[in-house]
Amino acid sequence: MTPDLEIHADRSAVSRPPADGTLVEHARSLLGSGLLTQVGLPGRLPAWPGRLLRRRGGIHAGPDGTVVVHGGWVPRNAGGWTHGNWIIVRRTTLISRALLNHEYVHVLQYRAQGALRFYWRYLRDLLRAWRTRRSIWEVSPSEQVAMAVEALYRLHPELPDLWELRASGSLEV
Ligand SMILES: [Zn+2]
């Protein structure tokens, strides 16, 4: 789930200089090997939650076997959220690279944990957020990884997208 912030200019169209190697390493280390090994492995996550939340949203093929829905149902305080390989974005939210990479972290978490375990942990985090009157982005370990990745991509749009990274350390060509 990505917080619904003001609309940022999407800098993805701007040609990117080559990313600094240590920055790429940093992005890789934020994911850790558990998530990196899921890149390129869409697996068999259930599609029905995404279909259910699609409503009349436009549907696009996203990166690495994902489906991106623009205009589906999204919780009030969020700009987008992810269900398995389906990334659902609010109609009025710009699909920036930072948002897409944030949601893609969740895609990798679903792939690594399986849908049931991901939902179970996320529900537990939501309850903890409600009990402690904090936001899900503060209390959830799943969100902490995604938020760190999002912040990194806002600061460094020159970084290759996460789905271009491979566990081996080389860039996918
Ligand atoms: Zn999130």
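The numbers here are math on the coordinates, done by the rules we state, and not lab data. Note that the structure is predicted; figures quoted are calculated from it, not measured. We place every Cβ from the backbone using ideal geometry, glycine too, and count neighbours over all the protein chains shown.
Around the amide H of residue 166, modelled in the peptide plane, lie the amide H atoms of 172, all under 5 Å away and 5 or more residues distant in sequence or on another chain. The mean sequence separation of alpha-carbon pairs under 8 Å and at least six residues apart, normalised by the residue count of the chain, gives a relative contact order of 28 percent. Put simply, the amide H of residue 83, placed in the peptide plane, has neighbours under 5 Å in 88, leaving out anything fewer than 5 places away on its chain.
Working from Cα pairs under 8 Å separated by at least six residues, relative contact order for the range 74-128 is 29 percent.
Taking other C-beta atoms within 10 angstrom as a stand-in for reagent exposure, 135, 142, 33 fall in the order 33, 135, 142, fewest first.
Taking other C-beta atoms within 10 Å as the exposure proxy, 37, 132 rank 132, 37 from fewest upward.
Here each label is just a point 7 Å from Cα along the line to Cβ, and for residue 53 and residue 133 those points are 2.8 nm apart.
Sorting 83-95, 57-69 by their mean Cβ neighbour count within 10 Å, with the most densely packed peptide first, gives 83-95, 57-69. Whole-Hz Karplus values for the range 111-123 come out as 5, 6, 9, x, 5, 4, 5, 4, 4, 4, 5, 5, 4 Hz, taken residue by residue from phi with 6.51 cos²θ - 1.76 cosθ + 1.60 and θ = phi - 60°; glycine and proline positions read x.
The separation of the range 34-95 from the range 99-115, counted between C-alpha centres, amounts to 10 Å. For the chain, the 222 nm mean residue ellipticity estimated from helices alone, with every DSSP H stretch of n ≥ 4 adding -39500 (n - 2.57) and the total spread over all residues, rounds to -14000 deg cm²/dmol. To the nearest 10 degrees, how steeply does helix 21-36 sit against the main Cα axis of the chain, on a 0 to 90 scale? Helix 21-36 and the main axis of the chain meet at about 40 degrees. Most tightly packed first, judged by the mean number of other beta-carbon atoms within 10 Å of their residues, the peptides 157-164, 42-49 read 157-164, 42-49.
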